[in-house]
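The values are calculated or read from the model by the stated rules, or taken from the named source; none is laboratory data. Note that the structure is a prediction, hence the values are computed from the model and not measured. Neighbour counts are summed over all protein chains in view; Cβ atoms, including those assigned to glycine, are modelled from backbone coordinates with ideal geometry. Quick note on the areas: whole protein, heavy atoms, side chains included, nothing else; ligands and nucleic acids left out. Shrake-Rupley method; radii C 1.70, N 1.55, O 1.52, S 1.80 Å.
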Amino acid sequence: MNLPNSLSVTRIFLVPLLVVVLLTKFEGRMILGVRKELVGAAIFGLASVTDWLDGVIARRFHMVSRVGQLLDPIADRLFVASTIIVLAIREIVPWWLVVALLARDVVMFFVQLYVHRRGVEPLPVHYVGKAATTCLLFGMPL
């Protein structure tokens, strides 16, 4: 497994950690003397950096792989979906937003699955999609 794919797997493993940190009731809302929301934001930030870094490394060092092209979007969707669901459970964002984002992700997943099963190369990443994801990732910790 190459480094970009390892970063995607790391992002997947950060999902349950973030969920536990944000949904568990800690004494005084602190984890080792730090507010749990700040710990959650740090985990989210780390995962966002791995998302950016795996793409940069894969493209710059020609480490783009079929596995990575499938794994990275799955890792992204798992991370964003779990975060938005946690925020809705904590009543920070409305549930309609969760439904809208999850519906979009389900449609995109099945489109990618269909394209993959037909043996067609995955659709290239478009900068509009990157900009939307960047806005979402920067907006969530706020």
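7 Å from Cα along Cα→Cβ at both GLU121 and THR10: what's the point-to-point distance in nm?
Here the answer is 2.9 nm between the modelled labels.
Accessible surface of LYS36 in the full protein assembly, 1.4 angstrom probe, to the nearest 10 Å²?
Number for this one is 10 Å².
Over the range 1-134, what is the mean sequence separation of C-alpha contacts under 8 Å (at least six apart), divided by residue count, expressed as relative contact order in percent? Please list the in-between numbers first.
Working: 87 pairs, mean separation 39.9, N = 134.
Normalised by residue count, the contact order of the range 1-134 is 30 percent.
Roughly how much of MET30 is accessible, in Å² to the nearest 10, using a 1.4 Å probe?
Roughly 80 Å² of MET30 is accessible to a 1.4 Å probe.
Evaluated at 4 °C with a viscosity of 1.567 mPa s, what Stokes-Einstein diffusion coefficient in µm²/s does the chain have when Rh comes from the Kirkwood expression over alpha-carbon pairs?
Here the translational diffusion coefficient equals 80 µm²/s.
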